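Undergrad: A single structure is presented below for examination.
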Amino acid sequence: MRPDPQTRALWELFSDPMDPDDALRYVADMLAGMDVRHDLGDDHRLVGTLCPDVKLTLERPAPDVVTAVTRSADLLRAGRGLLLHLVDRVEIRDAATAWTGRGNTVTARTDRVDVDALLIRPDGCVARALPTGQDLDATTLVRALDTCFGQPA
C-alpha cells in the first residue's frame, strides 16, 4: 500500500503471474486453508479437505434448508453436518435415515461429475466421498455418520 519505488517494483513482479485465474485461485485457496488435507483414512482427493464451494440446484432440500440456496457453502452456514447427494441414490438416503435429526440431507444437481455424494462435517471438512458410479458400502457410510454425528437417536 506504500506508494514508493520498492513497493511498485514488488507489485510489478507479482502482478503478471497473478493474472491467470488459476494463479489467483491457488493463492486464494492457500489463504483460505483449502490446501490443507487431514488424514481421515480415505484416499479420495476431497476427503480431509474443506468442501469446495460449488453451484447447486436443489432437488430435495432438508426441511430447515432455505430453497433459495444455490451454493454448497450456503448449506454449511447452519453449522450442521451435511450429506449432500449429487445423484439421488435411494440406498444412500436409506443408509442415512437414522441420522436425519443430527445433520442435513440434501439432494442437489451440480456440474461436478467426480462424486455421487459427500458427507461433510459441521466444520466444512469432507469426511467421506462416494466416487461416481461406485457401489455404496453402507457399513462404511454408517461408521462415518456415527463418527461425524454421534449415535442416531
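Undergrad: If you bin the C-alpha pair distances of the chain every 5 Å from 0, what whole percents do you get?
TA: Each 5 Å bin holds this share of Cα pairs: 2, 9, 17, 19, 18, 11, 6, 5, 5, 4, 3, 2, 0.
Undergrad: Modelling each spin label as a point 7 Å along the Cα-to-Cβ direction, I'd like the R45/A138 distance in nm, to one decimal.
TA: Label-label distance for R45 and A138, simple model: 3.2 nm.
Undergrad: Then there's this: Of G79, T49, V115, whose Cα points farthest to the positive end of the dipole of the chain (charges on the beta-carbon: +1 Lys, Arg; -1 Asp, Glu; origin at the Cα centre)?
TA: Farthest along the dipole direction, towards plus: G79.
Undergrad: Rounded to the nearest 5, what is the percent of antiparallel bridges among the DSSP beta bridges in the chain?
TA: Close to 75 percent.
A short reminder: the numbers here are calculations on the coordinates, not readings from a lab. The structure displayed is predicted, hence computed values, not measured ones. Cβ: placed from backbone, ideal geometry, glycine included. Neighbour counts: every protein chain shown.
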